[in-house]
Amino acid sequence: MTSFNWVFVLVVMLVMWAPVSRGDGEALGASFIFGDSLVDAGNNNYLSTLSKANIPPNGIDFKASGGNPTGRYTNGRTIGDIVGEELGQPNYAPPFLSPNATGSAILNGVNYGSGGGGIMNQTGRIFVNRIGMDIQIDYFNITRKQLDRLLGPSKAIEYLRKKSIFSVTIGANDFLNNYLLPLLSVGERISESPDAFIDHLITNLRAQLTRLYNLDARKFVIGNVGPIGCIPYQRTINRVNQDECVKLPNQLAVQYNGRLRDLLTELNENLPGATFALANVFDLVMELITNYAKYGFRSSSSACCGNGGQFAGVIPCGPTSSMCDDRSKYVFWDPYHPSEAANLIIAKQLIDGDSKYISPVNLRQLRDL
């Protein structure tokens, strides 16, 4: 072996095993992130799609880019970014489609999230291109083989099973941009009841999570669907009052969330060695919306950045959008997505909170299993 190769192997091993001191013991090795625009860190930048966030003022508070847009659908960090930081990850997981998601960089994990993506392959078709959950797992399979080459098969298995967390934040688009999509999905709602549609979601998600398990994922955190009837977009197009949410989307989310809880209980019982933690995003976000003043927010109904209607909820955030004067005072950054200030509160509860918001373990406990 040449001296160059020896140096490369040494660097890889140091990156893999060197602890990152965060004052609380062990550090997270890798964060593999799957989901939709709530966690997309720039994958959609590399797609010909109508769903993009790589335009200002998105990212205006993202320090790592100097306030330039990265493709994150918020003003700063996503929940996935914050969780990685707090659990001791030295670098953000790079987007799978970015040129730098290669070599030793993947030891920090990889982000497969895609704005518009869903559990069902047809979800988000209105955006033309997006990466659904099935394709995201196909992409992870590519990463999985790269890890074998980088670390050797046995070390790769150990790294994935012991040092990695797999987070899945998906499902909202299956309602917002599929089952509830105005005009385009009317036929689907007539032919398929909510129960039948949610059955399909759960069946697909069960297969997807089992597939990740078969690729050596063991530590999972799965987010449920938030109160999608309360986002500025839904409030605006349905013309509700400031203290009202739209009932049907929230009812569907609650129904799906109950089935998701049952699914994760089933998987915890039937997949040996796996831990599936349920992140109760619905109740977390609803707490912020209902008691926003208690958390220092000025508004939980309007978008900080957007245009159109009472809650600035029709047109996504872009260079011509109006923007609030203090971004830290709004629960919602744009018509769909939380602000970094809201993400910080949500992430803290998922990392160190109790079973009201994450169970059977929180993320710090999941990391240390």
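The values are calculated or read from the model by the stated rules, or taken from the named source; none is laboratory data. Predicted model, so just to flag it, every value in this text is computed and none were measured. Counting neighbours? That spans all protein chains shown, and the Cβs are built from the backbone with ideal geometry, glycine included.
Looking only at the range 92-102, decide whether some residue is in a loop (DSSP other than H, G, I, E, B), touching a Pro at 6+ places or on another chain (Cβ under 7 Å) and not small (G, A, S).
Yes, the conditions are met somewhere in the range 92-102.
Considering the range 64-109, the residues that are at positive phi and surrounded by fewer than 22 Cβ atoms within 10 Å (Cβ to Cβ) include one that is nearest to the chain's Cα centre (by Cα), namely G88.
Just to be sure before I move on: is L205 surrounded by fewer than 24 Cβ atoms within 10 Å (Cβ to Cβ) and at pLDDT 95 or above in the structure I sent? No: the conditions fail for L205. Among the residues of the range 48-61, what is the count of those that are farther than 14 Å from T320 by Cα, touching a residue at least 24 places away in the same chain (Cβ under 8 Å) and either surrounded by 19 or more Cβ atoms within 10 Å (Cβ to Cβ) or in contact with a strand residue (DSSP E or B) (Cβ under 9 Å, 6 or more places away or on another chain) (or both)? Residues that pass the stated criteria total 3. Of all residue pairs spaced 6 or more apart or on separate chains, those with beta-carbon atoms under 7 Å, a first member in the range 139-161 that is more than 19 Å from R367 (Cβ to Cβ) and a second member that is outside any helix (DSSP H, G or I) are Y139/F96; Y139/Y112; F140/F32; F140/Y112; F140/L215; N141/L215; T143/V110; R144/L215. If the condition is being part of a helix (DSSP H, G or I) and surrounded by 15 or more Cβ atoms within 10 Å (Cβ to Cβ), then the range 266-281 contributes L267, N268, V281.
Each residue in the range 275-287 was checked for being over 16 Å from the mean Cα position of the chain (by Cα), under 19 Å from G229 (Cβ atoms) and in contact (Cβ under 8 Å) with a residue 40 or more places away in the chain, and 2 pass.
Somewhere in the range 288-295, is a residue more than 22 Å from the chain's Cα centre (by Cα), among the polar types (S, T, N, Q), part of a strand (DSSP E or B) and over 29 Å from I165 (Cβ atoms)? No, the conditions are met nowhere in the range 288-295. Checking L263, L284 one by one, the residue that is buried (at least 22 other Cβ atoms within 10 Å of the Cβ) and either among the small types (G, A, S) or assigned to a helix (DSSP H, G or I) (or both) is L284 and no other.
Say whether the condition of being over 25 Å from G116 (Cβ atoms), part of a helix (DSSP H, G or I) and over 21 Å from the mean Cα position of the chain (by Cα) is met by at least one residue in the range 323-331. Yes.
Just name the residue that is farthest from the chain's Cα centre (by Cα) out of those in the range 231-250 that are farther than 15 Å from Y292 by Cα and surrounded by 18 or more Cβ atoms within 10 Å (Cβ to Cβ). Here the answer is V240.
Can you find even one residue in the range 348-365 that is outside any strand (DSSP E or B), within 21 Å of Y292 (Cα to Cα), of a type in the set (S, T, N, Q) and under 15 Å from the mean Cα position of the chain (by Cα)? No.
Applying the criterion of at least 3 residues that are under 19 Å from the mean Cα position of the chain (by Cα) to the helices (runs of 4 or more DSSP H) found wholly in the range 122-222 leaves 133-151, 194-214.
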